[in-house]
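Worksheet for the structure shown next.
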Amino acid sequence: MLIALDMDGTLLNEEGQISPKNREAIIKAQNLGHIVIIATGRSFMDAERQLRLADLECPVVSLNGAVVTLSDRTLAASKPLNKEDIIPALRWMNEIPDLYYEVYTEDNVYVELNKRVRLEKLSALSEEEVPEEVSWLLKAMIDQQFQQAAVTYVESMEEIWSKEENVIYKTLAFSLNRELLKEASTRFAAIPGLIITASHVNNIEINDEDANKGSGVAMLAAHYGISLTDVAVMGDSYNDQPMFEMAGYRIAMANAAPILKEMAEFVTVSNAEDGVAAGLEHLLAKF
């Protein structure tokens, strides 16, 4: 069986770490002959760092499926964005103070310095100024950025776009203003060849249309000669939906988006309660 695990909100706990219980459950599954892979919106470098800290080796579907890497670091697939197509939309976001965004290359995350300052100001808002339903998300966004292994702050994104060697695989936009986020989504949707997903209701993630967690997981299943009916997935966010749609068995976290819980055969406990370990225990007992 091939078992695909999301990271944020799934494998990683609230401290952004792989807990000892989750680690032990993964090793048990691997020792039984199952292939455990990571499917994440993070860069490969960030995902590998988390695995290395836990002394684990797994293939990685990173950047929402834009990059697929085998456990020996062999690059198996790569689906970058066309920079020239997306630069006008990125430039528009530059001019909107209430739109924070990040640009991902294979091994780095770039953030314009003034956008980082704006995000910090948002984090300082009082509870009365931030809607309750998104205050946790704002904190999670900031916490996750601090947890990322490679974040580079630049004065201007132009210096990133202008370098031919910088290949862009993903961009993420975040805003408390959902109308602005909707407009950003509309601008990117008008560009041919893109897919727009979300890990939360207050962000959007833009990739090549052939890059999603489902296609990345399916590619690895084919690589290892495993039928899609023998693929199990575990996740919590909207960007996990493509792999939920293609898998033979689906496990949602207790903290998952409602649509994933509806699609799931089993709902495990939350990521703060070693939900991956509980999910794997259920899965191995069933199969």
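The values are calculated or read from the model by the stated rules, or taken from the named source; none is laboratory data. Only a predicted model underlies this, so the values are computations on that prediction, with no experimental measurement involved. Cβ placement follows ideal geometry from the backbone for every residue including glycine, while neighbour counts extend to all protein chains displayed. SASA here: full protein model, heavy atoms, side chains in, ligands and nucleic acids out. Shrake-Rupley method; radii C 1.70, N 1.55, O 1.52, S 1.80 Å.
Details
- Within segment 3-24, being open to solvent by less than 40 Å² (accessible area, probe 1.4 Å) and outside any helix (DSSP H, G or I) holds for I3, A4, L5, D6, L12, N13, G16, I18, S19.
- The strands (runs of 3 or more DSSP E) located wholly in segment 124-209 that include 3 or more residues which are within 21 Å of the chain's Cα centre (by Cα) and at pLDDT 85 or above occupy 170-174, 194-197, 203-208.
- Residue count for segment 240-287 under the criterion of being over 20 Å from M1 (Cβ atoms), in contact (Cβ under 8 Å) with a residue 60 or more places away in the chain, part of a helix (DSSP H, G or I) and more than 17 Å from the chain's Cα centre (by Cα): the result is 1.
- Total residues in segment 18-55 satisfying the condition of being under 19 Å from A278 (Cβ atoms) and modelled with pLDDT under 95: the figure is 0.
- When V61 is tested against the conditions (1) part of a helix (DSSP H, G or I); (2) of a type in the set (A, V, I, L, M); (3) closer than 24 Å to G225 by Cα; (4) touching a residue at least 40 places away in the same chain (Cβ under 8 Å), the lone failure is (1).
- Restricting segment 150-175 to residues that are open to solvent by less than 10 Å² (accessible area, probe 1.4 Å) and either hydroxyl-bearing (S, T, Y) or assigned by the TED database to the domain that holds E48 (or both), the residue that is nearest to N114 (Cα to Cα): S175
- Verdict on Y110 being assigned to a strand (DSSP E or B) and either open to solvent by 20 Å² or more (accessible area, probe 1.4 Å) or assigned by the TED database to the domain that holds A47 (or both): yes
- Criterion violated by I38 - all others in (1) touching a residue at least 24 places away in the same chain (Cβ under 8 Å); (2) not in a strand (DSSP E or B) satisfied: (2)
- If you go through segment 25-35 and pick out every residue that is outside any helix (DSSP H, G or I) and buried (at least 19 other Cβ atoms within 10 Å of the Cβ), you end up with 2.
- Across segment 41-58, the number of residues qualifying as under 16 Å from L11 (Cα atoms) and part of a helix (DSSP H, G or I) comes to 9.
- Segment 68-103, residues that are closer than 29 Å to R49 by Cα and of a type in the set (S, T, N, Q): T69, S71, T74, S78, N82
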